[in-house]
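Just below is one structure, and these are the notes that go with it.
Bear in mind these aren't lab numbers, they're just calculated from the coordinates by the rules spelled out. Computed from a prediction, not measured in an experiment: that's the story for all the values here. Here the Cβ positions follow ideal geometry from the backbone for every residue, glycine too, while neighbour counts run over all protein chains shown.
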Amino acid sequence: MTEKQGLIPCSEAVRQLWDYLDHAVSPEEQEKVEQHLSFCRTCCGELEFAEQLRGFLAAQGADELPPHVKARLERFVADL
Amino acid sequence: MVEVQDRTRESFQRLAMAELPGLYWLARRLVRDGAEDLVQEALLRAYRSFGTLREDTAAGPWLKRILVNVFRDQLRRQARSVEELPVEEVEDFSLYQTLVEQDPLPYSDTLHHDYLRAFAREDVREVLLRLPELYRAPLVLRYMDGFATKEVARLLDVPLGTVLARLHRGRKRFERELWAYAQETGLLLKGVVQ
């Protein structure tokens, strides 16, 4: 995108996207990111992908235990 | 009125059994080898301090905290020092842009989504294990196990600013390794993505 008056550059916006999604930026920084996003389609794509990546990571949570692991750990707990 | 919690051996066993999958998968993401040993050590410690658990409903996070403490102690014993990555080394990579430019799935209308779908759970683990513990642990705890950033700082015994910086570098490094892993293993050629 072309440099607009007072807007943060793409590198700065992208650096802040995850913290922005985490609500871990100050209100001023949040406004700057949102201002940038309102002008920059590429960074909107980066934001959408950051959301997808977060969902992707969160979806990797706990699954069922493999049977041999389940047997070993349950035996361990039972023997405590 | 405060409800009196049952802190018998049987009560611990009941709570622990229910949390075994969460503990095991967390351990598998933190260490390459010895996940079961890590879980067992955590269970032993937890059993010894069972009286400190206030509410049964908090058993999951409580057990995970203990497991992270065991993991941290192991790292300290190994005394492995991992250097912080230079910022510029990780800053300039964008998986989003790389996918747009390289277009590895030319028939996909939802390129970025389909790219991520190609990774099975074990692939994701392999990618994570390519990251130094310094960056892997905050990423796992924050984005896979859902601990708040402040809690991650407490768990890993580092200042909040350090965790934020490591999360940033860890995310960038994770993106870069997601790309490198797929290239090196031919993941996208395996017909996983239809």
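Some points to look at:
- Residue match in region B:60-75 (condition: free of Cβ contacts under 8 Å to residues at least 24 places away in the same chain and within 14 Å of A:Phe76 (Cα to Cα)): no
- Looking only at residues of region A:21-47 that are of a type in the set (Val, Ile, Thr) and either within 14 Å of chain B (Cβ to nearest Cβ) or in contact with a Pro (Cβ under 8 Å, 6 or more places away or on another chain) (or both), we find that the one that is farthest from B:Thr162 (Cα to Cα) is A:Thr42.
- Among the residues of region A:48-73, those identified as of a type in the set (D, E, K, R), within 9 Å of chain B (Cβ to nearest Cβ) and within 24 Å of B:Met144 (Cα to Cα) are A:Glu48, A:Arg54, A:Asp63, A:Glu64, A:Lys70.
- Flag if B:Leu44 is over 24 Å from A:Gln60 (Cα atoms) and within 14 Å of another protein chain (Cβ to nearest Cβ): yes
- Tally of residues being surrounded by fewer than 21 Cβ atoms within 10 Å (Cβ to Cβ) and more than 8 Å from chain A (Cβ to nearest Cβ) across region B:16-27: 1
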